[in-house]
Amino acid sequence: MNSKRKRIIADFTYNPVTAQAHANIALVKYWGKRSVDLNLPAVGSISLTLDALKTTTTLQFDDALENDILQLDHRNIVGEPLSRLSRFLDVAAETNERPSAKIVSANNFPTGAGLASSASGFAALAVAVNEAMNLNLSKEELSSLARKGSGSAARSIYGGFAEMKCGTAPDDDREDYAVHLYNESYWDLRLLIAVTSTDKKEIGSTEGMVRTAKTSPFYKNWVESQDTDLKEMRSALNAKDFQKIGELTEHSCFKMHGLAMSGRPPLLYWNGATTEMIHTIWNLRSKGTAAYVTMDAGPQVKVLCQPGNSELVKQAMYSVKGVKKIIEAKPGPGATIVSDDQFKVKNS
Ligand code: DP6
């Protein structure tokens, strides 16, 4: 046993540790990796953390367990999702010879349907791991750890607005972490999420990104044009220029989806209601209501608007056939440890 491993094992806490994190919506999208193995992004991104989409995760190391166990939304999970978490714990512990863990996690929103469950999931897990392994990580180190689980999770460490930085070295992750831009009280905005399907997506983000990078003729331009979008978004946020933020948000979204559609075979994450919703919002906007759409790797449509317009926008959104529900989100807080009383590990 080397000294590093001894130090890490000696620091394990065997009490259950519970953390919470909120999903985030990318205003400037992350799409593409410069290393799949290290999960290094090919582009930076800017996001808003959302109060309404929350993951609560309890992690408990237990020498008596033979293998890691994952319960997600009250169901036992095996296979690749469990292996992904196990690999994440190995990376955090810097060894795969660590005590096994029980992870009990719950989302208050549909999992794996383009509502950023991997962002809040890995951000919550990173915070729990930091506590349970006594790693004493700074926010930026925590963000980097969360990134190893899922790129978008790096941004959910922070409340309000965050920017994911993107390094240049192909195999070095020292520059790949998110930084805080503004906290959740900086600006009261609304993100209205139209759930148009609760089915799990067929092609996850990771696979979608790899396919796009390999086959889209536009990929190089996507990467090269990102810095301009980031710069413009930073300055629009600084000026609280809602129209500019909305325009940039739509631009980044459609650029990402156009890119995905130009892959071979093409990737289309939308359904009929997604398209109908886009037209509904654009129609509303043409009549003077400032509202802007964005979509991720799924068919849900997220509409950015200001608080005074949210009822009107919601009404229009409900008129679209196929909308199952609308979730109203505000800027939300960063990831944090919460009291164990809120979510006990069930040893059943
Ligand atoms: C479309 O963070 O899910 O939501 O790093 O492979 O886990 P991995 O990808 P993930 O990708 C998110 C893509 C996106 C845009 C975004 O959130 O920036």
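The values are calculated or read from the model by the stated rules, or taken from the named source; none is laboratory data. Since the model is a prediction, treat every value here as computed from it, not as a measurement. Every residue, glycine as well, gets a Cβ built from its backbone with ideal geometry; the counts of neighbours run over all protein chains shown. Accessible surface is based on the protein model in full, side chains and every heavy atom, while ligands, DNA and RNA are left aside. Shrake-Rupley method; radii C 1.70, N 1.55, O 1.52, S 1.80 Å.
Key figures for this structure:
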| item | result |
| --- | --- |
| Search result, residues across segment 252-266 that are closer than 15 Å to TRP31 by Cβ, touching a residue at least 12 places away in the same chain (Cβ under 8 Å) and away from the ligand (no atom under 14 Å from the Cβ) | SER262 |
| Residue identified as touching a Lys or Arg at 6+ places or on another chain (Cβ under 7 Å) and under 27 Å from VAL301 (Cβ atoms) among THR196, THR212, THR228 | THR196 |
| Odd one out for GLN315, checked against (1) closer than 19 Å to ILE25 by Cα; (2) part of a helix (DSSP H, G or I) | (1) |
| Segment 169-185 - residue that is touching a strand residue (DSSP E or B) at 6+ places or on another chain (Cβ under 7 Å) and part of a loop (DSSP other than H, G, I, E, B) and, of those, nearest to LEU53 (Cα to Cα) | GLU184 |
| Verdict on LEU82 being in contact with a strand residue (DSSP E or B) (Cβ under 6 Å, 6 or more places away or on another chain), over 19 Å from GLU163 (Cβ atoms), open to solvent by 20 Å² or more (accessible area, probe 1.4 Å) and outside the structural domain of ALA291 (by TED's automatic domain parsing) | yes |
| Residue match in segment 225-232 (condition: within 12 Å of the ligand (Cβ to nearest atom) and farther than 25 Å from VAL179 by Cβ) | no |
| Wholly enclosed helices (runs of 4 or more DSSP H) of segment 52-168 bearing at least 1 residues within 16 Å of the ligand (Cβ to nearest atom) and over 20 Å from ALA23 (Cβ atoms) | 80-93 |
| Qualifying position, being acidic (Asp, Glu) and either loosely packed, with under 15 Cβ neighbours inside 10 Å or in contact with a His (Cβ under 9 Å, 6 or more places away or on another chain) (or both), among ASP199, ASP173 | ASP199 |
| Residues located in segment 36-53, provided they are open to solvent by 10 Å² or more (accessible area, probe 1.4 Å) and over 16 Å from SER150 (Cα atoms) | ASP51, ALA52 |
